[in-house]
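Engineer: Input: one structure, supplied below.
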Amino acid sequence: MPSALSPQPYALCTFMKSKFQDTDTGLTEINLTSLIDVSLVLVVIFMVMTPMILQSTITVSTPNVGNAAAGAQQTELRAEVYIKQSGEVIINGVTIAPAALTDSLRVLLAMTKNKLVVISADEQVMHDRVVGALDAARQAGAKELSIVKRRNR
C-alpha cells in the first residue's frame, strides 16, 4: 500500500502527459506578439533613419549642352578642377598636390565673384575622389558646384 507522502505514479504520469504533450493537435497557433514587436521596432528604426538619410544628400542637376555653352560666356573666372587617373589634380591648368586642393581653391575662390567650381575627371577615376573634391570645394567656400564630363579627344 503506498504511503500518503509518495505521489501516485499513474496520476503524475497523466498530469505530465496532459500538461506537456499535445500529440493530437500539434502546434496550430503562430505567436503574433513577437512578430508585432519586431515590426514595430523596424518601423521606429526607419522613422529615425529617414531624416538622416535625406539630410546627407548632394543635389545634382545636369545641364544640357546649350545651357552649358551660354553659362561659360557669362562667368568671368571660375575654378576648373580636373582629376586624372594617376592621382594628379589640376586647377586651371596648374598641377597641385591632392592634399593642397582645399587651400588652393580657397585662394582662387577669394578672387572670384561667382564662387563657381567645375570638376571633371577621367572615366577611370573612383567616385570617392570626385566626391572628395566636391567636399573640398564646399569647404573652400564654393557657392556653386558643377560636374562636367569631358568630350573624348
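Engineer: Any residue in the range 92-119 that's at positive phi: show its pairings with residues that are surrounded by 13 or more Cβ atoms within 10 Å (Cβ to Cβ) and among the hydrophobic types (A, V, I, L, M, F, W, C) at Cβ separation under 8 Å, as long as the two are six or more apart or on different chains.
Structural biologist: ASN92/ALA79; ASN92/LEU108; LYS115/LEU109; LYS115/ALA142
Engineer: I'd like to check something: does the range 77-100 contain any residue that is modelled with pLDDT of 80 or more, among the hydrophobic types (A, V, I, L, M, F, W, C), in a helix (DSSP H, G or I) and farther than 17 Å from VAL131 by Cβ?
Structural biologist: So far as the range 77-100 goes, yes, one or more of its residues are modelled with pLDDT of 80 or more, among the hydrophobic types (A, V, I, L, M, F, W, C), in a helix (DSSP H, G or I) and farther than 17 Å from VAL131 by Cβ.
The values are calculated or read from the model by the stated rules, or taken from the named source; none is laboratory data. Since we're looking at a predicted model, the values are computed, not measured. Cβ: placed from backbone, ideal geometry, glycine included. Neighbour counts: every protein chain shown.
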